[in-house]
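What follows is a set of notes on a single structure, which appears directly below.
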Amino acid sequence: MKLTDLTTRAGEWLRGIGPMSEIVISSRVRLARNVSGYHFLSKCTRHQRTTIEHKIRDAILGASISPKTLYVDLQDAPEVDRQLLVERHLISKPHAQSEGARGVAISESESVSIMVNEEDHLRLQVLRSGSQLEEAWEEINEIDNKLESTLDFAFHPRFGYLTACPTNVGTGIRVSVMLHLPALKLTGEIEKVFRAAKDMRLAVRGLYGEGTEALGDFYQVSNQTTLGKSEEEIISDFKGVVIPKIIEYEHHARRTLLNDRTAALDDKVFRALGILRCARLMASEETLYLLSHLRLGVNMGRVKDIDIRTVNELFLMTQPAHLQKLIGKKIDGDVRRAARAEFIRHRLNAA
């Protein structure tokens, strides 16, 4: 398995095959862990970071988390490769941009990634398409147990797992669901989600997590604290309360658009499709914005000659690093925007 193999298929977060995948793009469970006997990374020397990275890499590769596991040394990886991993939600932006010994282990299906020396010594992540939080939790719990059999994790009898950020102390779990909410945005009711999230002490972030905008009407909803609740309680709250409420809001907004604002809905959808099929220059943000409206139109049956898989793949393959990998060279400016537009036209007009 090579890094270039990833560019031939959609990532796990955009496969579009899980339950409620028309709105719930992906479910993610992440665990923060640190190895006992070593400083947190903010206090480590470069030599200590290297020692930790080697120790954890050996443990991961020996744990058989996947029939084929790809380990990427991020310290030596080119910038375009690191950006590719960010675009596929396999590493975070800070992990890509930091310095020193660090890496990521990726399972063959891309459903599992383990960041080494990000904010904590380990950040385990399981990502599933659609609404599959319980399945993601079962898988990550098994991987956590495998690693804990060979690594001594920092743990306090009273406080639980010790982490670099105090909000992760306890279980170390972060539950996150990626949602596509274009109808709420179009009807001006997206504030409902923000209010509901605030009431339930949840964080709402953009496409690539903390500090990012909601490009393409994608929103990540995640828990803010882990202390005082079990992993099962956090998962249950998300599955039974949080996500159903947001899905209900989006479904209501879609019905409103369909029943009361049909012309406005179709104008947004087909205007987006027309631009995507004809434009000669396309910027990243504009592409996400237009694909979001097209995805809404496909899911609501307004566009019948394009399948959702094609739209989902375009979300990913038109991102800067993916586009450069597909073309095989570094491009920017109008050359990149022209290449993106040509790629989109080819895919949509051939659909």
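Remarks
- Condition met for Arg88 (within 19 Å of Leu14 (Cβ to Cβ), out of contact with any Lys or Arg (no Cβ under 9 Å at 6 or more places or on another chain), assigned by TED's automatic domain parsing to the domain that holds Val241 and surrounded by 16 or more Cβ atoms within 10 Å (Cβ to Cβ)): yes
- Considering the conditions (1) among the hydroxyl-bearing types (Ser, Thr, Tyr); (2) surrounded by 16 or more Cβ atoms within 10 Å (Cβ to Cβ); (3) at pLDDT 85 or above, Thr262 is excluded by exactly one of them, (2).
- The residues listed here are Ala164, Ala203; of these, the one that is of a type in the set (A, V, I, L, M, F, W, C), farther than 29 Å from Gln319 by Cα and outside any helix (DSSP H, G or I) is Ala164.
- Only one of Ile91, Ile60, Ile52, Ile56 that is at pLDDT 95 or above and under 14 Å from the mean Cα position of the chain (by Cα): Ile91
Here's the yes/no breakdown for (1) farther than 22 Å from Arg88 by Cβ; (2) buried (at least 16 other Cβ atoms within 10 Å of the Cβ); (3) of a type outside the set (Gly, Ala, Ser):
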| residue | (1), (2), (3) |
| --- | --- |
| Ile246 | yes, yes, yes |
| His252 | yes, no, yes |
| Leu258 | yes, no, yes |
| Asp267 | yes, no, yes |
| Gly274 | yes, no, no |
| Arg280 | yes, no, yes |
| Arg302 | yes, yes, yes |
| Asp307 | no, no, yes |
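- Here Gln75 fulfils each of the conditions (1) assigned to a loop (DSSP other than H, G, I, E, B); (2) of a type in the set (S, T, N, Q); (3) surrounded by 19 or more Cβ atoms within 10 Å (Cβ to Cβ) apart from (3).
- Test result for Leu265, under 15 Å from Lys185 (Cβ atoms), touching a Phe, Trp or Tyr at 6+ places or on another chain (Cβ under 7 Å), in a helix (DSSP H, G or I) and not charged (D, E, K, R): no
- Checking each residue in the range 86-144 for being touching a residue at least 60 places away in the same chain (Cβ under 8 Å) and of a type in the set (Gly, Ala, Ser) picks out Ser92, Ser109, Ser111, Ser129, Gly130, Ser131, Ala136.
- Conditions (1) out of contact with any Lys or Arg (no Cβ under 7 Å at 6 or more places or on another chain); (2) outside any loop (DSSP other than H, G, I, E, B): number failed by Leu151: (2)
- If the condition is being surrounded by fewer than 17 Cβ atoms within 10 Å (Cβ to Cβ) and in a helix (DSSP H, G or I), then the range 8-30 contributes only Thr8.
- All positions within the range 134-160 that are closer than 30 Å to Ile243 by Cα and aliphatic (A, V, I, L, M): Ala136, Ile140, Ile143
Every residue, every condition in (1) among the polar types (S, T, N, Q); (2) at pLDDT 90 or above; (3) under 20 Å from Val24 (Cβ atoms), yes or no:
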residue	(1), (2), (3)
Glu119	no, yes, no
Val126	no, yes, yes
Ala136	no, yes, yes
Asn145	yes, yes, no
Ser149	yes, yes, no
Phe153	no, yes, no
Asn168	yes, no, no
His180	no, yes, yes
Gly206	no, no, yes
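- Restricting the range 309-351 to residues that are of a type in the set (Lys, Arg) and surrounded by fewer than 19 Cβ atoms within 10 Å (Cβ to Cβ), the residue that is modelled with the highest pLDDT is Arg345.
- Every residue from the range 31-54 that is part of a loop (DSSP other than H, G, I, E, B), loosely packed, with under 11 Cβ neighbours inside 10 Å and touching a residue at least 24 places away in the same chain (Cβ under 8 Å): Gly37
The values are calculated or read from the model by the stated rules, or taken from the named source; none is laboratory data. Note that the structure is predicted; figures quoted are calculated from it, not measured. All Cβ positions, even for glycine, are placed from backbone atoms using ideal geometry, and neighbour counts span all protein chains on display.
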